[in-house]
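The values are calculated or read from the model by the stated rules, or taken from the named source; none is laboratory data. This is a predicted model, so every value here is computed, not measured. Glycine also receives a Cβ, built like all others from the backbone with ideal geometry; neighbour counts cover every protein chain displayed.
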């Protein structure tokens, strides 16, 4: 499956993000009118496990497609690859982590869940999550405002469900060893949540993958470096051009 034949791509956003994360890339992909390209951006709000999220998305997506996931979306994408590798024509993993949660990470998530249940979603986002998302740039506050707006619109229940899914996620290293489709691994140079070492590991597991580092971006290259991110996606989808 070296060629993209379906004309469809599924973009999976990160934790407490929605379709606005990929707005720039989705618009440009949809403008590929001569390809009749279909862009699908599901919300990760239908289950409180990675397996359940993958099941739901696979049940609602076409029989074959290119798949791109960022952060939590990348973790769901890996589970989709584990469940239905024959349906995925190309795989892109952005600023993500193939490993199971650490003990310290699970404790932190349980504390955040308790705080959000107590009505402190904005506080958790502002104090514990948003400061680690982005690289320094003149547009950082605008991007932080967008992150908060997405989180607030998704709400407490989605935060709790997503936190449980991430806390209990499976290790996907064996899944990545079995990947055979064309693969892009992309990360922001200044990502502090999913550091470069995680992406080096993924390339070791998928030796044919192309590894790309995006300058001027942290954990969210689609909004921090939208043109560069789109360019790399385009090269991944249509390498012959």
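Just one of the numbered conditions (1) surrounded by 16 or more Cβ atoms within 10 Å (Cβ to Cβ); (2) more than 16 Å from the chain's Cα centre (by Cα); (3) under 29 Å from residue 208 (Cβ atoms); (4) modelled with pLDDT of 95 or more is not true of residue 97: (2). Kindly indicate whether residue 14 is at pLDDT 95 or above, surrounded by 15 or more Cβ atoms within 10 Å (Cβ to Cβ), in contact with a strand residue (DSSP E or B) (Cβ under 8 Å, 6 or more places away or on another chain) and over 28 Å from residue 240 (Cα atoms). Taking the combined requirement at face value, the residue satisfies it. For residue 53, the requirement of being under 16 Å from the mean Cα position of the chain (by Cα), surrounded by 23 or more Cβ atoms within 10 Å (Cβ to Cβ) and part of a helix (DSSP H, G or I) is met.
Against the definition (over 15 Å from the mean Cα position of the chain (by Cα), modelled with pLDDT of 95 or more, within 14 Å of residue 72 (Cα to Cα) and surrounded by fewer than 16 Cβ atoms within 10 Å (Cβ to Cβ)), how does residue 168 come out, yes or no? Criteria met by residue 168.
Considering only residues in the stretch 100-110 that are outside any helix (DSSP H, G or I) and touching a residue at least 24 places away in the same chain (Cβ under 8 Å), the one that is surrounded by the fewest Cβ atoms within 10 Å (Cβ to Cβ) turns out to be 100. The residue list 147, 181 contains one member that is part of a helix (DSSP H, G or I) and either more than 25 Å from residue 83 (Cα to Cα) or modelled with pLDDT of 95 or more (or both), which is 147.
Being in contact with a helix residue (DSSP H, G or I) (Cβ under 6 Å, 6 or more places away or on another chain) and on the phi > 0 side of the Ramachandran plot holds for only one residue in 78, 16, and it is 16.
Report whether or not residue 2 is in contact with a helix residue (DSSP H, G or I) (Cβ under 8 Å, 6 or more places away or on another chain) and at pLDDT below 95. It is false that residue 2 is in contact with a helix residue (DSSP H, G or I) (Cβ under 8 Å, 6 or more places away or on another chain) and at pLDDT below 95. The listed residues are 70, 134, and the only one of them that is in contact with a strand residue (DSSP E or B) (Cβ under 7 Å, 6 or more places away or on another chain) and within 20 Å of residue 16 (Cα to Cα) turns out to be 70. Within the stretch 192-217, the residues that satisfy the criterion of being crowded, with 16+ Cβ neighbours inside 10 Å, assigned to a loop (DSSP other than H, G, I, E, B) and at pLDDT 95 or above are 206, 209, 217. Restricting attention to the stretch 115-138, the residues that are surrounded by 15 or more Cβ atoms within 10 Å (Cβ to Cβ) and either part of a helix (DSSP H, G or I) or at pLDDT 90 or above (or both) add up to 12.
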